[in-house]
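Scroll down for the structure; my scribbles are underneath it.
Every read-out reported here was derived from the displayed coordinates using simple, explicitly stated rules and does not represent laboratory data. Note that the structure is a prediction, hence the values are computed from the model and not measured.
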Amino acid sequence: MTDKTPVQSLTDSPVSSHQFGNYHFFLKRDDLLHPDFSGNKARKFMALLTGSFSHINKLIGHGSPQANSLYSLAALTYMKGWQLDYYVDHVPDFIRQYPTGNYKAALALGARIISTNNAEYDFISPEDYIRDKLEPEHDCLIVPEGGRSELAKEGVTALANELLQWIAENQIVSPVIALPSGTGTTALYLHQVMENHHIPVVTCACVGGSDYLLQQFQSLKAQSYPKILELPKKHHFGKLYKENYQIWLQLYRQTGIEFDLLYDPLMWRCLLQETAAYSTMNLIYIHQGGIRGNESMLPRYQRKYPGV
C-alpha cells in the first residue's frame, strides 16, 4: 500500500550522470519523486495533489487497463482520500485472472476499473461514454486521458524551473532536453518555458506519428513546438520490437537504471540516430517513471525474444 508522503516533498528529483553509446548525459530522476506517484504523470497531475479541491471526492478517467495514468491516478486519489472511477474498453481475461503491473497496483489502491465494451454500457467506448452518457455528480472531476489539458501546466512548469536552476547552478553549457511523448503535453509545456531561455526540447511520437503529435500540440493552442525526432520506419505503439528490447537492456546494463519499456526505448533509438546533432551538447534526459508497467510488458518481451 502506498505511503502518504507529504506533498511538499514531491519536487526536486535528483540528477545523475551517465554514459550511453556516444552520449554522456544527465538523467533527471523523476522516477524517484515518490514510490507510487512519480514520473511524467506525477508532474502532469501535480496540480490535483497540491491544489485546493475541497468539493471533489471522485476522479473520473479513462484509458488502458495497464496505463501509467491509471496507477498514478489511483495513487493520487488514495493520497487525497478520493475515489477513482477509471473506464476502459475491456480488461483481457488473462489480466483479470492474473492481475499484474499498473492494473494490479491500481486495484490495490481502491480504483474502480469499469469496462464499457459490453451490453450494460451499450458497447460504447470509454471516451464516448464519459462524454455522452455519464452524468457526474458535483463532487466529481473528469481527467482527460494521459493528462492532456492545461491542468498539467503547473506541474510541468515546476519541472522546467527545477531544470533551469540545476543548469544554472552547474554552469551547463549548450543543454538540450529530451523525453518521449504520448500526448506530448509534458514536452510542449517544457518547450514553452525553455524556449525563453534558448534551450531546445526534443521528443518523439510514441503513440502515433508526428502528425498525430502535432495535432495534440495544436489542441493545447500552442504556437511553437518541441522538435520531433523520427525513425525511418513507422513505429506502432505497444508492438514488441526487438530493437526496443535490446536498447532497454543496454541502457540498464550501462547505467544500472531501469527505464520504461514502452516509451523510453523509442526515444533513445531516435537519439542514437541523431548522435551527430546532439552528442556534442549536454543532453538532459527526463526519466518518465512508468516502471510498474514493466511488470506486464517485460515477460512478453522475454517470451518473444528469449535469446536477447
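Taking every alpha-carbon pair under 8 Å whose residues sit at least 6 apart, segment 51-147 reaches a relative contact order of 38 percent. Kirkwood radius for segment 51-147, taken over all pairs of different Cα atoms as the inverse mean of 1/r, rounds to 13.6 Å. Couplings 3J(HN,Hα) of segment 133-146, computed from phi: 10, 6, 10, x, 6, 5, 9, 10, 10, 8, 9, x, 4, x Hz, in residue order, whole Hz [Karplus 6.51 cos²θ - 1.76 cosθ + 1.60, θ = phi - 60°; x for Gly and Pro].
Rounded to the nearest whole Hz, the Karplus-based 3J(HN,Hα) values (6.51 cos²θ - 1.76 cosθ + 1.60, θ = phi - 60°) of segment 41-52 follow the sequence 5, 4, 4, 6, 9, 4, 4, 5, 6, 8, x, 9, with x at glycine and proline. Residues whose amide H lies under 5 Å from that of residue 284, counting only those 5 or more places away or on a different chain, are 26, 176, 177, 178; hydrogens are built 1.01 Å from N in the peptide plane. For the chain, the convex hull spanned by the alpha carbon atoms encloses 141 Å³ per residue.
Across segment 294-302, rounded Karplus estimates of 3J(HN,Hα) from the backbone phi angles (6.51 cos²θ - 1.76 cosθ + 1.60, θ = phi - 60°) give 5, 4, 9, 7, 4, x, 5, 5, 5 Hz, Gly and Pro being marked x. Summarising the amide proton neighbourhood of residue 20: residues at separation of 5 or more, or on other chains, whose placed amide H is nearer than 5 Å comprise 25. Summarising the strand pairing of the chain, around 20 percent of its internal DSSP beta bridges are antiparallel.
Tell me, how many Å apart are the Cα centres for segment 162-199 and for segment 232-295? Spelled out, the Cα-based centre of one part sits 18 Å from the other. Over the chain, dividing the summed -39,500 (n - 2.57) contributions of all DSSP H runs of at least 4 residues by the number of residues returns a 222 nm mean residue ellipticity of -11000 deg cm²/dmol.
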